[in-house]
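Participant: Here you go, one structure.
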Amino acid sequence: VSLPAGITFKQVDAGSGAFNIALGCNNVVYMWGENLKKECGQGNTASTSYSTPVPVLKGQSSGSTMPGMANYLGNVTYVSASTSTAYAILSDKKVVAWGSNAYKQLGNPTITAPEWGEPVYMKMKTSSTAAVTDLTNCIFLDAGDEQVIALVDDGVIGDGVGTVYSCGGSAYNQAELF
């Protein structure tokens, strides 16, 4: 894969579909590979593929603080990819997702389309009667086939212990974030 000039990566992940995600040393997210489910984050126009890494559009996030990159997903600390959905933990510990939503794996009940081409905030409910809010205080997440699990800090910052939320994979009886 040839990289854009001056870009280096500090984390990569291969989706189990045919696309890849990388976190640049500039904390901007890059994607390449198949884009049939809009998993490369280039808006709601799908193309068949990208042969070189492209920066992901900012979507609902505030965008990168890097000069010239304000329209792209930045201020990211961690990325993960599933079959055709991508996830990023932002520096404020919120999570965004984009790509396939066939099994509600975007974790956002306001998105009902089967795929979404820009990052949207993932949501959570702490109980069946609680309001739906942004997923916050995420300390780790991992994406699998059509699902994601997120470890959310339960209040004792830095102890690595928290509550696990999941979404997607509803055909396989996985729990929902919201």
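Participant: Using per-residue counts of other Cβ atoms within 10 Å, averaged over each peptide, order 4-15, 59-70 from highest down.
Facilitator: Details: 4-15: 12.9, 59-70: 14.9.
Final packing ranking: 59-70, 4-15.
Participant: Let me ask something additional. Tell me the net charge near VAL79. Cut-off is 13 Å between Cβ atoms, VAL79 excluded, with +1 for each Lys or Arg and -1 for each Asp or Glu.
Facilitator: That sum, taken over residues with Cβ under 13 Å, equals -2.
Participant: Hey, can you rank 99-108, 160-169 by average C-beta count inside 10 Å, highest first?
Facilitator: Working: 99-108: 25.1, 160-169: 18.2.
Top to bottom by mean Cβ count within 10 Å: 99-108, 160-169.
Participant: Let me ask you something else. Can you compute 3J(HN,Hα) from phi for each residue in the range 75-90, using the Karplus curve 6.51 cos²θ - 1.76 cosθ + 1.60 with θ = phi - 60°, rounded to whole Hz and x for Gly and Pro?
Facilitator: 6, 9, 10, 7, 10, 8, 10, 9, 4, 8, 9, 10, 9, 9, 8, 8
Participant: Specify whether the C-alpha gyration tensor of the range 39-130 places it in the rounded, prolate or oblate class, a ≥ b ≥ c being the square roots of the eigenvalues: rounded for a/c under 1.5, otherwise prolate if a/b is larger than b/c and oblate if not.
Facilitator: oblate
Participant: Could I ask something else about it? Which residue fluctuates most in the GNM of the chain (Cα springs below 10 Å): LYS58, LYS94, LYS125?
Facilitator: For the chain, modelled as a Gaussian network with Cα springs under 10 Å, the answer is LYS125.
Participant: Please compute the net charge surrounding SER61, taking Lys and Arg as +1 and Asp and Glu as -1 over other residues with Cβ under 15 Å from its Cβ.
Facilitator: Neighbourhood net charge equals +1.
Values quoted throughout were computed directly from the atomic coordinates according to the rules given, and no laboratory measurement underlies them. What you are looking at is a predicted structure, and each value in this text was computed from that prediction instead of being measured. Cβ coordinates were reconstructed from backbone atoms using ideal geometry, including for glycine residues, and neighbour counts include every protein chain displayed.
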